[in-house]
Structure formats: structure tokens, C-alpha cells
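The block underneath contains the structure these notes are about, expressed in C-alpha cells.
The values are calculated or read from the model by the stated rules, or taken from the named source; none is laboratory data. Quick caveat: nothing in here was measured; it's all calculated off a predicted structure. Using ideal geometry, Cβ is built from the backbone for each residue, glycine included, and neighbour counts are taken over all protein chains shown.
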Amino acid sequence: MRLSLLIAIILRLFALYWAVSCVVRVMGNVSVMGMAAGNGMSGYLNLMANLAAPFFYGVIAVLAWFFARLISLKVIGEDDTHVSFSAITAENFYTLGLLGVGLYHAIGNLAASVNWIHFLIVNRAGQSLVHQATGHSLYDVTSSIVPFVAGIALAILSPKIGKRLAKAGKRVHQEDESQ
């Protein structure tokens, strides 16, 4: 399989994720707008503001889907080699999977974590979060910072964990064969 085709497949998987995110956000915003309209808060500007992010996800999803092959060829360049999956070991798959999950959670929670750290520094709100006097709770802070830190740790430790999981898998496979 050509490397550019593999990258195009991954890009199309992301496009599907973005399309689903678009639909979920539109549905969520429609319900919020319905509640706001009942309170007399409707308006064209408010509608546009609420649908800007889902629209962006939708446009990115469509562009990524239709131009995945072209983008993958640009990313690879002239060195579009053949990828042999027989050379990939279980350790490589474990490491790649753990790295992907770690980066997903780290990047997905990066903005919220930075936002909370900024809030804590500016407002010196460490103690007020415990007493919930500001309407925020310690859970709000940890719900974004803990997955961020765990994602970074998983991404950094993915080679070690991948190697251990591959060894454990070989050991279990050898025990099954011996019985």
C-alpha cells in the first residue's frame, strides 16, 4: 500500500469525525437557540455566532474528504513509498495507538487547561474553588487538567508501555501454544 493512500485514509477518518462533530454541535446549538427563543433572546447575530463553529467543522470535513488524496500527496511529496505491513511489529502498533490516544487527549484538553491555569493565576482562585464561592468548582479545573496531563504522560511513555504490552502479548501467546 502506498504511504499517500494510508495518509488519505487517516485524513478521511478525521473528516468523518469532524462531520459528526458538526452534526452534534448543530443539534446542540439548535436546542439552545430554541430555549433562548422561548426567553425572547433570539436574533440573527446570536444564531450566526452559535453556528459559526459547527459550520467551520462542516466545511473542514467536506474539504478534507474530497481533497484527502491531494493533501496526502502534498504531505508525502516525491517520496511516496510502498508500506509493507509485515515489517510492523505489535510493539509498533501498541506504541502508535498509545501515542495517538495520548496526543488526542493532550491536544483536546490543552486550551481548557491553559484557560484554567490562566484563571487561577489571574484571580488567585485556588482557595475559592474549594468553597465554590465563584460558581466554579475544583472539578471544573481537574476535568480538563487531569486528562491533559494524563495524555502528555501517555504520549511520552508510549514506547515503554508499548514494549511491555507487546512482551506480555507474546508471553500469553506462548503460554497458549504450550497448552
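Observations on the model:
- Restricting the first member to region 75-91 and to residues that are of a type outside the set (D, E) and surrounded by 11 or more Cβ atoms within 10 Å (Cβ to Cβ), and the second to residues that are assigned to a loop (DSSP other than H, G, I, E, B) and at pLDDT below 75, the beta-carbon pairs closer than 6 Å and six or more apart or on different chains are V83/M1.
- Among the helices (runs of 4 or more DSSP H) confined to region 38-122, the ones with at least 3 residues that are assigned by TED's automatic domain parsing to the domain that holds T142 and either at pLDDT 85 or above or farther than 30 Å from R164 by Cβ (or both) are located at 90-108.
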